[in-house]
Amino acid sequence: MPFHGHSKQKIKVKMNNFKQNKYGNEKQALLTGYLLVVFGIFISFFFGFGIDGDAVFKLSRPRDTFVLPNLVVPASEYNILVSFVLIFLGARIILRRMTSYSSLYLGAGLFLLVTCFLVWATAGKSFSLTGMMQATVIRATPIALAALAGILSERVAIINIGIEGMLLVGAFSGAVFGSLFGGIIGLIFAIIVGGLFGLLHALLVIKYRVDQIISGVAINILALGLTSFLTSSFLKTNPELNDAPIFRPIKIPFLSDIPVLGPTLFQQNFFVYGAIILVLTTTYYIFKTGVGLRLRAVGEHPKAADTLGVNVLSVRYINVSLAGMVAGFGGAWFTLGSVGRFDEAMTGGRGFIGLAAMIFGRWHPVGALMAALIFGFADSLQQKLAILRTPIPSEFLAMAPYIATIVFVAGLIGTARAPHAIGKPYIKE
Amino acid sequence: MRDYLKKKIISENFDFEEILLIPILATLLALIIGCLFLLATGETFENILVAFTNLFIGSFGSLNAISETCTAATPLIFAALGIALAFRAGLFNIGAEGQIIIGGMAAVIIGFSIDFLPIWLHLPLALLFGAIFGALYAAIAGWLKATTGAHEVISTIMLNLIALRLLDYFLRLPVIQKEGRNDPISKSVLETAQLPQILSFIEPQLRLHSGFILMLVAVVLVYWLLFHTTIGFEFRSTGSNPNAAQYAGIKASLTIILVMGIAGALAGLAGSNQIMGVLGRATPGFSASIGFDAIAVALLGRSHPIGVLFAGLLFGALIAGGRLMQVKAGVSIDLITIIQALIIVFIAAPLLVRNAVPWAFKTKDKS
C-alpha cells in the first residue's frame, strides 16, 4: 500500500500543490514583481547616482598560467541600467500576471542586486573576484558538511540540533590527535568522535526516547563543556597538543590553470574536495540506491517501511551515526583545514547555518550545497567589506543568512517541507 | 513528539517519584559522572574532594556564597519561567538567549540615556523596556508560527544568532559605545537605573540585588497566571491538546503569540537584571548562555514555577560554587557546563535514571 493512510482526495490536493509549486501561483508572482520593482528603485536610489569611477574586478593573479584582463565596470552606468531592467521586468510581471518562472526571476533579481552592491562597493577601487570566489568555496565547506549531516539525520526523521556540538568535538579531536599523530590520524579521530556523538544522539532519542530537540540541545552544551574543559585543563598548559598540521591546498593538474574557475574549485584543500565528493555520493546514496529508498521511507512513513520489513530503528541508528561522522569531518575543517589549533567555541554557529542550508536546499544534498555556497558568499563578502571600507556594517551581512532562513521557513518565498515523520519517535506496536 | 515530551516534562498530578525523586537522582548522577570524569582526566582523589567541597562552600558555605548563588540564579529563573510557560503551551522556546540580549540592550540604552528621571521612575522604565523588547523579539517567532506555521525552534535559533550580531553592531555604535574605548562595550547605566543591593547593609560587598525579589514576585505571578486564570487555562489546554482547545473556542494563534510574548518578556527581564543588577553595562558576551542554561532549569523544574525556582537556585549554586572550585582546586568551571548537560540528559531520559538506580523506585515507568 504505497499510499497508506492517504485518501484519494488528499492525493489530489497534493497534486494540485505540486502543480502550483512547479508553475508558481499568482500570489507569489505578484510578490516577485513587487520585489523586483523595489530592488530596482533601491538600486538606483542607493547605488546608482552619486558614485564615480569604474569598479575594477581582478580575475587573475599575476603568476597564473593564463592571465585574463581585469573586468572593468562603469559603476554608475551599470547600476542604473540594472535598476531599469529590474523595474521593467517587475512591472511586466505585475501587469501581465506572468505566473511562470517567478522563483527564477526572483533569483535573478537577487543576483543582480548583489552584483550592483559589489559594483557600488568597488567603484573607484579594485577587488579580486577570484580571491572572493575562492574564499566563498572555502567558507561554504563546513556549512555544506553540517547541512549534509543534517540531511542524513532528518531524512530518517530525526531532528539534529546537535550538529553544532558535533562540529565542535570534531574540531577538537582533529586538533589534539592531529598534533599527536599527524593530520590524517587526526582526521580519522575527528570522524570517529563525531560519529560517537551522533550515536549518542541516536541512542538518546531512539532507545531512551528523549525529545529530539532536547537531546540536540544537551549534546551542544555537552560538547561545549567537554571541549572547553579539556582546552583549559590540558591544551593551555601543553601547547604542543594544540599544534596540528594543516591540510595544504592540492592543485589539480591542468584544471587548476583554468582562469577564475581553477583557483575557485581546483586549488583547494582536501576538505573542499571531500565535501564535494560527499555531496555527490550522498545524493546517489539517498536517491539512487535501495538502501536510500528504505532510508527515505523510514523518514516519510516509518510504519509502512516497517511493514515492508525495513528495520526502522537500525536504519535510524546507522544514519544518525553517519551524520555525526560527516559533522566530525566538517568540524576537522576548523582546525586541520584552516588554522591548525583549537579555540573554545570556535565553530561559531556554523552548525546552525548548516541546518539553515539544509532547509534551503529542501533536504537535498545538492540544494544544500548551493545554499551553503550562498551563505559562504555572504560570509566571505563580510570579510571583504571591511577591506573595501563600505559604510554598511558587516554585522548586517552576517545576519542575512539567518533572516533569509526565517523568511524561507515562514513560506513567504518558496516552500520548505521536512520529511513527514520528522520528530516523532517510532514505537513498534 | 510533543505529547511525548509533555508526558515527561509536565505532570498534572503530584507524583513523588516523577516530580522529586528523578530530578534529585538526575542531579546526583550528573555530579557523580562529573567526579568520574575528573578522575579520568587524571585528577587526584584529594583534589576532587577539595573541588567538590569548595563547590559546596562557594555556593552555600557563607552569607557571601548564598548571595552569589541567588545572584546567579535570578536571571536563570526569570528566563526559565518563560521557557516553562512556553513548554506548558506546547512551544519550545530555544530563543531565550536572543531575547535576553535584546531585552538587556533595551535596558542598557534606557539606563544610560535618560538622566533626568528619579530612581523610582527610571528603574521601572528600564525594566519595562527590557521586558517589552524581549517580548516583541520573541513575539516574532510566535507570530510566524501562528500565521505561517514556521516551526518556532528554527525561527528562535535564527533569532538568537541575529540577536548576537545585532549586539555586536549596537556595541560599536558611537551613541552606545563607551567614550574613549575601541572594544565593543556600552556606556554604563546611571545610578538611577541600577537595581539597589539588598544585603549591602550587612556587608557592602554582597552583590545580591533587588532583582531577586522581583524574580520571586515573577514566580508567584507565573504560578497564578498558569493555574488560576483563564489565560493560563487556555495556555495549558493549547499545550495538552491543541485540537480540543480549538474546538473549545480558544484562539490558538493568539495564544501562541501571547505565550511567546510573555516568555520573551521574562527573558528580557532576565537580561535587564543582569545589566542593571550585576554588570552595569553590556559587553558582547553578557548573556553568558543564560538562555541555554535556562532550558535545563525549566526541564529540571518540570515546567512548574515552584520547581523552576528550586532548579534555578541549584544551577545558581553550581555557577557560584564553580567559581570558587576553579580558584581553590584548579578545576575549570567548564565542568559545571558538563554537569548541566548531563542533568538535561537524565531529566529528559528518566529511563536512564531508573536503569542506573533501580532500587530507588517503587513504581514502574508509566511512559
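The values are calculated or read from the model by the stated rules, or taken from the named source; none is laboratory data. Note that the structure is predicted; figures quoted are calculated from it, not measured. With ideal geometry, Cβ positions are generated from the backbone for all residues, glycine too; neighbour counts draw on all protein chains shown.
Among the residues in region A:340-361, are any more than 12 Å from chain B (Cβ to nearest Cβ) and surrounded by fewer than 17 Cβ atoms within 10 Å (Cβ to Cβ)?
The answer is no, given that none of the residues of region A:340-361 is more than 12 Å from chain B (Cβ to nearest Cβ) and surrounded by fewer than 17 Cβ atoms within 10 Å (Cβ to Cβ).
With the requirement that a residue be away from chain A (no Cβ under 14 Å) and among the hydrophobic types (A, V, I, L, M, F, W, C), what does region B:32-59 give you?
B:32, B:45, B:49, B:50, B:52, B:55, B:56, B:57
Which numbered condition trips up residue B:308, out of (1) outside any helix (DSSP H, G or I); (2) at pLDDT 90 or above?
All conditions pass for residue B:308, except number (1).
Filter region A:316-348 for residues that are of a type in the set (Val, Ile, Thr) and out of contact with any Gly (no Cβ under 9 Å at 6 or more places or on another chain); which is farthest from residue A:166 (Cα to Cα)?
A:339
Of these, B:185, B:202, which one is buried (at least 17 other Cβ atoms within 10 Å of the Cβ), more than 19 Å from the chain's Cα centre (by Cα) and not aromatic (Phe, Trp, Tyr)?
B:185
Quick check: anything in region B:67-80 on the phi < 0 side of the Ramachandran plot, assigned to a loop (DSSP other than H, G, I, E, B) and touching a residue at least 24 places away in the same chain (Cβ under 8 Å)?
The answer is no; no qualifying residue exists.
Considering only region A:383-392, I want to know if a residue exists there that is more than 12 Å from chain B (Cβ to nearest Cβ), farther than 30 Å from residue A:123 by Cα, polar (S, T, N, Q) and not in a helix (DSSP H, G or I).
Within region A:383-392, not a single residue is more than 12 Å from chain B (Cβ to nearest Cβ), farther than 30 Å from residue A:123 by Cα, polar (S, T, N, Q) and not in a helix (DSSP H, G or I).
Considering only region A:400-412, I want to know if a residue exists there that is surrounded by fewer than 16 Cβ atoms within 10 Å (Cβ to Cβ), within 12 Å of chain B (Cβ to nearest Cβ), part of a loop (DSSP other than H, G, I, E, B) and among the β-branched types (Val, Ile, Thr).
The answer is no, given that none of the residues of region A:400-412 is surrounded by fewer than 16 Cβ atoms within 10 Å (Cβ to Cβ), within 12 Å of chain B (Cβ to nearest Cβ), part of a loop (DSSP other than H, G, I, E, B) and among the β-branched types (Val, Ile, Thr).
Of these, A:100, A:83, A:153, which one is among the hydroxyl-bearing types (Ser, Thr, Tyr) and within 17 Å of the chain's Cα centre (by Cα)?
Selected residue: A:153, the only one of A:100, A:83, A:153 that is among the hydroxyl-bearing types (Ser, Thr, Tyr) and within 17 Å of the chain's Cα centre (by Cα).
Pull up region A:196-211, narrow it to residues that are surrounded by 23 or more Cβ atoms within 10 Å (Cβ to Cβ) and more than 7 Å from chain B (Cβ to nearest Cβ), then point me to the one that is farthest from residue A:312 (Cα to Cα).
A:197
Looking at region B:166-189, which of its residues are among the hydroxyl-bearing types (Ser, Thr, Tyr) and more than 7 Å from chain A (Cβ to nearest Cβ)?
B:186, B:188
Residues to consider are A:291, A:272, A:279; find the one that is within 30 Å of residue A:69 (Cα to Cα) and not acidic (Asp, Glu).
Exactly one residue qualifies, and that residue is A:272.
Only one of B:131, B:163, B:106, B:150 is within 13 Å of chain A (Cβ to nearest Cβ) and either among the charged types (D, E, K, R) or within 21 Å of the chain's Cα centre (by Cα) (or both); which?
B:163
Enumerate the pairs (first residue in region A:272-295 and of a type in the set (S, T, N, Q); second residue anywhere and surrounded by fewer than 18 Cβ atoms within 10 Å (Cβ to Cβ)) with beta-carbon separation below 6 Å, excluding pairs fewer than 6 apart on the same chain, so at least 6 apart or on different chains.
A:283/A:366
Going by the conditions given, is residue B:81 within 14 Å of chain A (Cβ to nearest Cβ) and touching a helix residue (DSSP H, G or I) at 6+ places or on another chain (Cβ under 9 Å)?
Taking the combined requirement at face value, the residue does not satisfy it.
Every residue, every condition in (1) within 11 Å of chain A (Cβ to nearest Cβ); (2) within 16 Å of the chain's Cα centre (by Cα), yes or no:
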{"position": "B:313", "(1), (2)": "no, yes"}
{"position": "B:323", "(1), (2)": "no, no"}
{"position": "B:326", "(1), (2)": "yes, no"}
{"position": "B:349", "(1), (2)": "yes, no"}
{"position": "B:358", "(1), (2)": "no, no"}
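Of the residues that sit in region B:216-271 and are in a helix (DSSP H, G or I) and among the charged types (D, E, K, R), which one is surrounded by the fewest Cβ atoms within 10 Å (Cβ to Cβ)?
That would be B:236.
Among the candidates B:206, B:199, B:195, single out the residue that is outside any helix (DSSP H, G or I), in contact with a His (Cβ under 8 Å, 6 or more places away or on another chain) and in contact (Cβ under 8 Å) with a residue 12 or more places away in the chain.
Being outside any helix (DSSP H, G or I), in contact with a His (Cβ under 8 Å, 6 or more places away or on another chain) and in contact (Cβ under 8 Å) with a residue 12 or more places away in the chain holds for just one of B:206, B:199, B:195, which is B:195.
The conditions are (1) surrounded by fewer than 18 Cβ atoms within 10 Å (Cβ to Cβ); (2) hydrophobic (A, V, I, L, M, F, W, C); (3) closer than 19 Å to residue B:21 by Cβ, and residue B:348 fails exactly one of them. Which is it?
Looking at each condition in turn, residue B:348 falls short on (1).
Which members of region B:328-340 meet the condition of being within 9 Å of chain A (Cβ to nearest Cβ) and in a helix (DSSP H, G or I)?
B:334, B:335, B:336, B:337, B:338, B:339, B:340
Would you mind finding the one in A:179, A:173, A:233, A:228 that is at the interface with chain B (Cβ under 8 Å from one of its Cβ atoms), crowded, with 20+ Cβ neighbours inside 10 Å and hydroxyl-bearing (Ser, Thr, Tyr)?
Checking each option against the conditions leaves just A:228.
Output the residue which, of all residues in region A:362-382 that are over 9 Å from the mean Cα position of the chain (by Cα) and assigned to a helix (DSSP H, G or I), is farthest from the other protein chains (Cβ to nearest Cβ).
A:366
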